[in-house]
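One structure below.
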Amino acid sequence: MKKFILIPFGILYIIFFCSCSGDTMGTNDNPPPSITLKTVTAAGNPANPYDGIGQNFTAMLSAYKDSDYDPSAFEDIAMIVRILTKQTETESELLQAEQLLSLCISHPYDTSASLLGQSELSPQARDITGDLVGNFETLGNQSFDVSYGALVNMEDTVTASAILSLQEKRVILTLASVIRYSLYHSCCEDTDWEKSVGNIVAALAGILEDDSLATAYPVATSIAGLEKIEF
């Protein structure tokens, strides 16, 4: 029998109960062909208002694979991600976050705990977010259909919660979207991409800062992992 646990039952019960009771590289610097957000019905959750962030994350990974980029260092990756995101400030933001992203990859669980501990999230939101990170490997080892169902159920519960703030819902639902699309992309679309909890922690670090970094950070660490670039 397959077992999967996303969030302790007690936490989900409290949230649900309360919600029911209330409310230089080998190419030039020209942009690649425009990135189209693919409609991946198998991975999508239209009920999640932040679903597009996870979708955009995997669209950028696909755009990278379709390009001729040949990075050899993190500085190259930062420039590529700036081109992919079409946001001029992304390159400098990635370079400033290089040490943080390195920790996300080398010590993902400790870094996740540190990020959550320093965040303004409530204890309930920290627990849910921490469980998403902590159960990522389990989700990746079971069939996507099972993981998808567990994630969507959790997202529905979080969306309906009356005790989580809008900001806390944004963090949790955005991270869930990135996880869902990441799992589908690496298992069913392009198996060259590894299922790395470090990339998910990088996404969390970005989400806690700004929605644009929610994609830029994990795209950068994913490319580094694919190209075996240490930083």
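The values are calculated or read from the model by the stated rules, or taken from the named source; none is laboratory data. Source: prediction; values computed, not measured. Reconstructed Cβ throughout: ideal geometry from the backbone, glycine too, with neighbour counts over all protein chains shown.
Okay, here's what the table says:
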| item | result |
| --- | --- |
| Where a residue in the range 36-54 is more than 22 Å from Val146 (Cβ to Cβ) and its partner, wherever it lies, is at pLDDT below 95 and in a loop (DSSP other than H, G, I, E, B), with Cβ under 7 Å and at least six apart | Gly52/Leu37 |
| So Glu93, is it part of a helix (DSSP H, G or I), touching a helix residue (DSSP H, G or I) at 6+ places or on another chain (Cβ under 8 Å) and more than 14 Å from Ala202 (Cβ to Cβ) | no |
| Residue within the range 136-151 that is polar (S, T, N, Q) and in contact with a Leu (Cβ under 8 Å, 6 or more places away or on another chain) present | yes |
| Flag for Ala216 being out of contact with any Cys (no Cβ under 7 Å at 6 or more places or on another chain), of a type in the set (Gly, Ala, Ser), at pLDDT 95 or above and more than 20 Å from Phe144 (Cβ to Cβ) | yes |
| Selection count, the range 160-201, where residues are farther than 18 Å from Pro108 by Cβ and aromatic (Phe, Trp, Tyr) | 2 |
| Condition check for Ser182: modelled with pLDDT under 95, within 24 Å of Glu93 (Cβ to Cβ) and surrounded by 24 or more Cβ atoms within 10 Å (Cβ to Cβ) | yes |
| Qualifying residues in the range 72-97 (those that are under 17 Å from the mean Cα position of the chain (by Cα) and not hydrophobic (A, V, I, L, M, F, W, C)) - the one surrounded by the fewest Cβ atoms within 10 Å (Cβ to Cβ) | Thr85 |
| Conditions (1) in contact with a Cys (Cβ under 7 Å, 6 or more places away or on another chain); (2) part of a helix (DSSP H, G or I); (3) not polar (S, T, N, Q); number of the one not met by Cys187 | (1) |
